[in-house]
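Heads up: the structure comes next, in structure tokens.
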């Protein structure tokens, strides 16, 4: 007799904690941070320079969230000035291929999306009502 395995988690259920994972990996800053850390260890200043448009406050917040989720590690060196380095954990490394594919898709399809948005925005208002 065949055994049917019932999934423990259901991302389509609003109370399922897997939605937290989706929130994290669907975040644009997560995609960019993981992408940069995929190449190796980075310091805060390097990440800030590499990821233009992110404020120091938001970068700090996102790095803390990723550390809490087990995606990255933070190593603090007792030096003056203090030195902090960030790396992907083994769990974080599982995201590299997935998030790289999302980045490539975005870069490959942005022109089509911009064209579609321009066409949509040119429609008469009555066609945009739901």
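The values are calculated or read from the model by the stated rules, or taken from the named source; none is laboratory data. Note that the structure is a prediction, hence the values are computed from the model and not measured. Using ideal geometry, Cβ is built from the backbone for each residue, glycine included, and neighbour counts are taken over all protein chains shown.
Yes/no per residue for (1) in contact (Cβ under 8 Å) with a residue 40 or more places away in the chain; (2) in a helix (DSSP H, G or I):
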{"residue": "35", "(1), (2)": "yes, yes"}
{"residue": "40", "(1), (2)": "yes, no"}
{"residue": "47", "(1), (2)": "no, yes"}
{"residue": "54", "(1), (2)": "no, no"}
{"residue": "58", "(1), (2)": "no, yes"}
{"residue": "63", "(1), (2)": "no, yes"}
{"residue": "73", "(1), (2)": "no, no"}
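Just to verify a result, which residue in region 65-78, among those that are in contact with a strand residue (DSSP E or B) (Cβ under 6 Å, 6 or more places away or on another chain) and at pLDDT 95 or above, is nearest to residue 93 (Cα to Cα)?
From region 65-78, those in contact with a strand residue (DSSP E or B) (Cβ under 6 Å, 6 or more places away or on another chain) are 66-67, 72-77; that's our starting set.
Narrowing further to those that are at pLDDT 95 or above: 66-67, 72-75.
Values: 66: 12, 67: 13, 72: 9, 73: 12, 74: 15, 75: 17 Å.
Top of the filtered list is 72.
Kindly list the number of the only condition in (1) more than 24 Å from residue 75 (Cα to Cα); (2) part of a helix (DSSP H, G or I) that fails for residue 31.
Failing condition for residue 31: (1).
Kindly indicate which of 62, 57 is closer than 22 Å to residue 102 by Cβ and at pLDDT 95 or above.
Residue meeting the stated conditions: 62.
Hey, any hits in region 11-25 for a residue that's assigned to a strand (DSSP E or B) and either modelled with pLDDT under 95 or loosely packed, with under 12 Cβ neighbours inside 10 Å (or both)?
no
Residues of region 85-105 being surrounded by 11 or more Cβ atoms within 10 Å (Cβ to Cβ) and at pLDDT 95 or above, which ones?
85, 86, 87, 88, 89, 91, 92, 93, 94, 95, 96
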